[in-house]
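The values are calculated or read from the model by the stated rules, or taken from the named source; none is laboratory data. This is a predicted model, so every value here is computed, not measured. Every residue, glycine as well, gets a Cβ built from its backbone with ideal geometry; the counts of neighbours run over all protein chains shown. When the accessible area is computed, the model is the full protein with side chains, heavy atoms only, and any ligands, DNA or RNA have been set aside. Shrake-Rupley method; radii C 1.70, N 1.55, O 1.52, S 1.80 Å.
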Amino acid sequence: VIPVSYLQNLKSVRGGKITATYPNDPYLWSNWGWDYVDADVVSPNTTASAGVCVLDSGVDYLHPDLSGNIIKGYDFVNADTDPMDDNGHGTHVAGIIAAKPNNKIGIAGASNAKVVAVKVLGAQGWGTNFDITAGINFCANRSDVKVLNISLGSTVYSLAIDNAVAYAVNTKGKLVVAAAGNDNTATISYPAGLSLTYPGKVLSVAASGTSSNRGCRASYSNYGNWVNIIAPGTGIFSTLPYDKPFYKKKIFYY
């Protein structure tokens with residue numbers, strides 16, 4: 001095992017200058033998923049990544065490791081323009097994507113993308129098909145967004161959400177990345193299950209395990225022919241606010 005201190009002290013020559021090989025964020029190596037997805041390879045790249053809409057419980061845009069990388073989208077739960085996170089999960093997801101590198105705080109994101117925060121889940125992680133549909137349409141219509149990250153799901157199919165996803169991927173050319181769910185079942189969870197309806201346009205992502213089985217599906221993660229890929233999803237260190245509850249997300253349809 002290579003000591004973290006060794007990695008932190010590595011130097012590289014870029015543009016004729018000697019610089020640190022890896023970002024100086026103190027908890028960078030606490031997130032094993034960062035280098036597992038080869039974020040270390042792309043981290044020196046200064047080309048802006050594709051904009052990502054995070055449809056979740058909102059994002060703490062005041063978080064010191066996210067400030068400047070978050071664009072306020074909309075809060076469909078409270079019908080206002082302040083998508084502040086009152087749960088914590090959306091902030092956790094946003095950090096994995098876009099935590100600021102080389103600021104000597106926390107971690108670094110897997111990209112240098114801007115995240116558009118869209119709140120469709122309330123404080124306890126519950127939402128409605130109406131709000132989620134509205135959020136998907138909102139993100140689909142943004143020219144600064146190419147990817148919709150939807151880390152929520154339900155076994156209840158919603159035609160409204162299906163139509164919104166169709167609009168996003170077929171009409172607006174977006175990529176929808178959706179969580180497969182954490183119930184250790186092959187039962188389809190939506191919208192991730194729409195990967196069967198819109199192949200190559202909806203990416204259904206299951207969670208992989210910890211360092212001992214990081215290349216395999218986590219025991220709790222959903223599975224089936226509707227799942228496209230697994231990605232680090234266990235013990236991921238991110239920008240989850242310490243003072244927020246962290247409920248298991250469910251969607252309530254009515």
Roughly what % of DSSP beta bridges within the chain run antiparallel, to the nearest 5?
-> 25
Portion, in percent, of the accessible area of segment 179-226 that falls on carbon or sulfur, probe 1.4 Å = 51
How big is segment 129-185 in terms of Cα radius of gyration and Dmax, in angstroms?
-> 11.4, 36
Residue-wise, which Karplus ³J(HN,Hα) couplings in Hz belong to segment 25-37, taking 6.51 cos²θ - 1.76 cosθ + 1.60, θ = phi - 60°, and x for glycine or proline?
-> 5, x, 9, 3, 7, 6, 9, 4, x, 4, 7, 5, 8
Among PRO44, ASN163, PHE76, whose Cα sits farthest toward the positive end of the charge dipole of the chain (+1 at Cβ of Lys/Arg, -1 at Cβ of Asp/Glu, about the Cα centre)?
-> PRO44
Beta bridge orientation in segment 128-242: antiparallel %, DSSP, nearest 5 | 15
Long-range Cα-Cα pairs in the chain (distance over 23 Å), rounded percent = 50
When the distances between all Cα atoms of segment 1-57 are binned every 5 Å from zero, what whole-number percent does each bin get?
-> 4, 14, 22, 24, 18, 10, 6, 3, 1
Place a +1 charge on the Cβ of each Lys and Arg in segment 1-94 and a -1 charge on the Cβ of each Asp and Glu, then give the dipole magnitude about the Cα centre in debye, rounded to the nearest 20.
-> 700
Report the relative contact order of segment 65-168, percent, no decimals, based on alpha-carbon pairs under 8 angstrom and at least 6 residues apart.
-> 26
Rg/Rh (Cα only; Kirkwood hydrodynamic radius) as it applies to segment 159-237 | 1.02
For the chain, return all DSSP H helices satisfying: extent of Cα atoms along own axis at least 15 Å; mean Kyte-Doolittle hydropathy at least -1.0.
-> 129-140
1.4 Å probe accessible area per residue over the chain, in Å² = 47
Sequence-distant or interchain residues sharing an amide H contact under 5 Å with THR185, placed H: which?
-> ASN222, TYR223
Search the structure for amide H atoms under 5 Å from the amide H of VAL116, placed 1.01 Å from N in the peptide plane, and list their residues when 5 or more places away or on another chain.
-> VAL52, CYS53, VAL54, ILE71
